[in-house]
Amino acid sequence: MVKQLTVFLENSPGRLAALTRAIGDAAINMRALMVADTESFGVVRIICDRPHEAARALGAAGFSASITKVLAVEIPDRPGGLADVLESLGAAAMNVEYAYCFVEPSGDAAVDIFKIDASGAEDVLRSTGFRVLEASEL
């Protein structure tokens, strides 16, 4: 599994910039970022090369960050690729709490990040032909 940072962020001008600056100043490379917001706060999810160091840097900058385990799955970058993964999980009665994705620079595959609160999700995905990535592969 991959470790993801989750940060609750006040929804005000400059807060996301300050968050990303704190990570950048710590020489931590972000691979993916997702922001969901409401009127008063946002939830920022980050995949980066050194999540524990990033959490410490964010704490020092006044942000509260937690680390969550998620699955990173390589999916062929073609129509229906995501549906294939979700159907495999659904057939195993596994619920996806949230997901987001990015395309690999080569353009051959997408990487989808899944939060699934069920044991065995990695095995289900591998047995149906999907490649579950390790943090070092991102």
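The values are calculated or read from the model by the stated rules, or taken from the named source; none is laboratory data. Computed from a predicted model, the values in this text were never measured in an experiment. A quick note on method: Cβ atoms are made from the backbone with ideal geometry, for glycine too, and the neighbour counts reach across all protein chains shown. What goes into the accessible areas is simple: the full protein's heavy atoms, side chains included, and nothing from ligands, DNA or RNA. Shrake-Rupley method; radii C 1.70, N 1.55, O 1.52, S 1.80 Å.
Remark: R15 falls outside the filter, which requires a residue to be surrounded by 12 or more Cβ atoms within 10 Å (Cβ to Cβ) and out of contact with any strand residue (DSSP E or B) (no Cβ under 8 Å at 6 or more places or on another chain).
The lone criterion from (1) in contact (Cβ under 8 Å) with a residue 12 or more places away in the chain; (2) within 18 Å of the chain's Cα centre (by Cα) left unmet by S88 is number (2).
In this entry, V7 passes the filter for residues that are out of contact with any Gly (no Cβ under 7 Å at 6 or more places or on another chain), touching a residue at least 12 places away in the same chain (Cβ under 8 Å), open to solvent by less than 40 Å² (accessible area, probe 1.4 Å) and β-branched (V, I, T).
All of (1) surrounded by 12 or more Cβ atoms within 10 Å (Cβ to Cβ); (2) within 22 Å of C101 (Cα to Cα) hold for A26 with one exception: (2). Count of the stretch 37-81 residues, restricted to those that are hydrophobic (A, V, I, L, M, F, W, C), in contact with a strand residue (DSSP E or B) (Cβ under 8 Å, 6 or more places away or on another chain) and free of Cβ contacts under 8 Å to residues at least 60 places away in the same chain, is 10. Do any helices (runs of 4 or more DSSP H) lying entirely in the stretch 38-138 carry at least 3 residues that are more than 24 Å from A18 (Cα to Cα) and either of a type in the set (S, T, Y) or open to solvent by less than 60 Å² (accessible area, probe 1.4 Å) (or both), and which ones are they? It comes to 81-91, 121-127.
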